[in-house]
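The values are calculated or read from the model by the stated rules, or taken from the named source; none is laboratory data. Just so you know, these numbers come straight off a predicted model, no measurement behind them. FYI the Cβ positions are ideal-geometry reconstructions off the backbone, even for glycines, and counts take in every protein chain you see. Calculation scope for accessible area: heavy atoms of the full protein, side chains included, ligands and nucleic acids excluded. Shrake-Rupley method; radii C 1.70, N 1.55, O 1.52, S 1.80 Å.
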Amino acid sequence: MAQALLQAHKAFENNEVPIGAIIVKDHQVVGRGYNQKEKLKDPTAHAEILAITAAANTLEDWRLTDCVLYVTKEPCPMCAGAIVMSRLKMVVFGCYDEDKGCCGSLYQLCGDPRLGQKIAVKGGILDNESLELIQDFFRTKRKA
């Protein structure tokens, strides 16, 4: 999770909402991503999506069945859908998102057996650090 936080700091430095993600397979990072919606002018350029794309390219396979995603904030509906479609084994996230979180807060897409995949989910890991970074980002935005 510490490496996902490093990715989130990159987003912060690039004036993006500071969410970062990494994907690990066999104790090795195979994909990294941080929010780049503003830079890429792309509403789908979330940390999780970019990390999934990077991992699929690294592994030369869209099936990420033996991989774990670490992300600093609970995934949104779009990202949770991509997690299900990529067949990740597990999602570990930092802070919960009561408004848009789809890995336990608002919905539980990753654990819904009707979608054909049951992905393990563990939230609240380094949640204070993840939440503080997001809060700091928006505090600086309000002052500007």
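Can you find a residue that is of a type outside the set (Asp, Glu) and touching a Ser or Thr at 6+ places or on another chain (Cβ under 8 Å) anywhere in region 99-110?
Among the residues of region 99-110, not one is of a type outside the set (Asp, Glu) and touching a Ser or Thr at 6+ places or on another chain (Cβ under 8 Å), which makes the answer no.
Filter region 113-134 for residues that are part of a loop (DSSP other than H, G, I, E, B) and not β-branched (Val, Ile, Thr); which is farthest from ILE19 (Cα to Cα)?
Here the answer is GLY116.
Do we have CYS110 as at pLDDT below 95, open to solvent by less than 50 Å² (accessible area, probe 1.4 Å) and of a type outside the set (A, V, I, L, M) here?
Taking the combined requirement at face value, the residue satisfies it.
Any idea which of (1) out of contact with any Asp or Glu (no Cβ under 7 Å at 6 or more places or on another chain); (2) under 25 Å from LEU59 (Cα atoms) is the one LEU133 doesn't satisfy?
Of everything listed in (1) out of contact with any Asp or Glu (no Cβ under 7 Å at 6 or more places or on another chain); (2) under 25 Å from LEU59 (Cα atoms), LEU133 misses just condition (2).
Can you work out which of the residues in region 113-131 that are small (Gly, Ala, Ser) and either within 16 Å of GLU48 (Cβ to Cβ) or modelled with pLDDT of 95 or more (or both) is surrounded by the fewest Cβ atoms within 10 Å (Cβ to Cβ)?
Among them, the one singled out is ALA120.
State all residues of region 30-54 that are within 15 Å of ASN15 (Cα to Cα), open to solvent by 30 Å² or more (accessible area, probe 1.4 Å) and not in a loop (DSSP other than H, G, I, E, B); if no residue qualifies, say none.
TYR34, LYS37, GLU38, LYS39, LEU40
Could you grab the pairs with beta carbons closer than 7 Å, sequence gap of 6+ or different chains, first residue in region 1-27 and in contact (Cβ under 8 Å) with a residue 24 or more places away in the chain, second one surrounded by fewer than 21 Cβ atoms within 10 Å (Cβ to Cβ) and part of a loop (DSSP other than H, G, I, E, B)?
That search, which allows pairs on different chains as well, returns MET1/ILE125; MET1/LEU126; LEU5/LEU126; ALA11/VAL17; LYS25/ASP66.
Please find, within region 87-105, the residue that is surrounded by the fewest Cβ atoms within 10 Å (Cβ to Cβ) out of those that are touching a residue at least 24 places away in the same chain (Cβ under 8 Å) and within 19 Å of PRO43 (Cβ to Cβ).
For region 87-105, the residue satisfying everything is LYS100.
Would you say VAL84 is assigned to a strand (DSSP E or B) and either farther than 19 Å from GLU16 by Cα or within 9 Å of the chain's Cα centre (by Cα) (or both)?
The answer is no for VAL84.
Within region 1-29, how many residues turn out to be in a helix (DSSP H, G or I) and surrounded by 17 or more Cβ atoms within 10 Å (Cβ to Cβ)?
Here the count works out to 7.
Being over 13 Å from the mean Cα position of the chain (by Cα) and basic (Lys, Arg) narrows it down to one of LYS73, LYS25, so name that one.
LYS25
For region 60-86, which positions are farther than 16 Å from HIS27 by Cα and open to solvent by 60 Å² or more (accessible area, probe 1.4 Å)?
GLU60, TRP62, ARG63, PRO77, MET78, MET85
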